[in-house]
Amino acid sequence: MRDQASGLRDLASRKNYKQSKMRVIAVTSGKGGVGKTSFTVNLALALAEYGQRVIILDGDLGLANVDIAFGLTARYTIEHLLSGEKTMEDILLIGPRGIGIIPGGSGVQRLANLDRDKLKNVIANLGRLEKITDLLIIDTGAGLGHTVTNFLQAADDIIMVTTPEPTALTDAYGLLKSLRREAGEVPIHLVINRVRTETDALATFKRLETAVRKFLDGTLNFMGWVYDDPLVGRSVMQQNPLGISYPDSSAYRCIQWIAGKVSGIYLSPPRQAGGVRGFLSKLLQSF
Ligand SMILES: Nc1ncnc2c1ncn2[C@@H]1O[C@H](COP(=O)(O)OP(=O)(O)O)[C@@H](O)[C@H]1O
Ligand SMILES: [Mg+2]
């Protein structure tokens, strides 16, 4: 049987190994259940198709389910890394297309309360990931808890997912308002999930963007939309991600299109210089 560590060795020995800075994208939403995890998992799959090396950090304290979406089960989490019982090799799961998954569990919150020695350990572990990863995508919880805010502040980019439902939009606006104060410099890109038509998507974006411009004096980038598609639900039930089981579905095609744009974001220089180290030092400053 393959142990979790063999996955990291595979990742490290890949041909396209190159030394580069790892970029950090946080995927978030105002309201829960809008499709963050489905989006994150399939975005990672689409980015992997484009040759990007992706690791997902399952950062949702309430409902950590990235491993389940891939049909995997996490034995160990960041909790074990923080306690020193396990290394990154031990906790990292490897999904299809070589996607790495770091199960967060309750360890995500504990990141906030680390003493110096343990912190050094985490930084050393994450620093090793940097050599084998282009993108770290964090699937955060919904809303603006302490831990979520810290992740968002430290990310290079934020992708905010909403649906066109009025309650989701109200919560998205609420989150945008707080982010304006708490993470003002981080670019925010909006994805509208579960739309019926393109017109529906554009009208929804316009509404939110107008409010942001008028009342928050801010800007909002439009990343794209994903169609409401029964195959998304079916793939969740089958524990086999959409990008694997239904790659021709309308929802996955949208996500492939967005993945192209995400790659494009990174044509411009990173907002912060230090890759994962920069990310961690920003994260630490906020505690
Ligand atoms: N584009 C979509 N079309 C249809 N159903 C979707 C779509 N995106 C998400 N869903 C459904 O919404 C539910 C919640 O999605 P999930 O990714 O777990 O949300 P979150 O992580 O934001 O809580 C899932 O059961 C999934 O089937
Ligand atoms: Mg989720």
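Below, the figures for the structure above:
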quantity	calculated
Electrostatic dipole magnitude of the stretch 135-257 [Cβ: Lys, Arg +1; Asp, Glu -1; Cα centre; debye, to 20]	280
Dipole magnitude (debye, nearest 20) for the stretch 18-285, charges at Cβ of Lys, Arg, Asp, Glu	540
Karplus (6.51, -1.76, 1.60) ³J(HN,Hα), θ = phi - 60°, over the stretch 183-188, in Hz, Gly and Pro reported as x	9, x, 8, 7, x, 10
Antiparallel %, DSSP beta bridges [both residues in the stretch 18-285], to 5	5
Square roots of five times the Cα gyration tensor eigenvalues for the stretch 18-285, Å	27, 22, 17
Point-charge dipole on Cβ atoms (K/R +1, D/E -1) for the stretch 21-175, about Cα centre, debye to 20	300
Value in Å of the Kirkwood radius, where the stretch 41-101 supplies the Cα pairs that are averaged	12.2
For Glu165, Glu209, Glu185, order by how many other beta-carbon atoms lie within 10 Å, fewest first	Glu185, Glu165, Glu209
Distance (nanometres) between label positions extended 7 Å along Cα→Cβ at Tyr50 and Thr73	3.5
Gain in span if fully extended, Lys206 to Thr219, counting 0.36 nm per residue against the direct Cα distance	3.5 nm
Dipole of the stretch 18-285 [Lys/Arg +1, Asp/Glu -1 at C-beta], most positive-end residue of Gly104, Ile159, Ile244	Ile159
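Values quoted throughout were computed directly from the atomic coordinates according to the rules given, and no laboratory measurement underlies them. On a predicted model such as this, the values are computed, not experimentally measured, just so you know. Don't worry about glycine lacking a Cβ; one is built from the backbone with ideal geometry, like all the others, and counts go over all protein chains shown.
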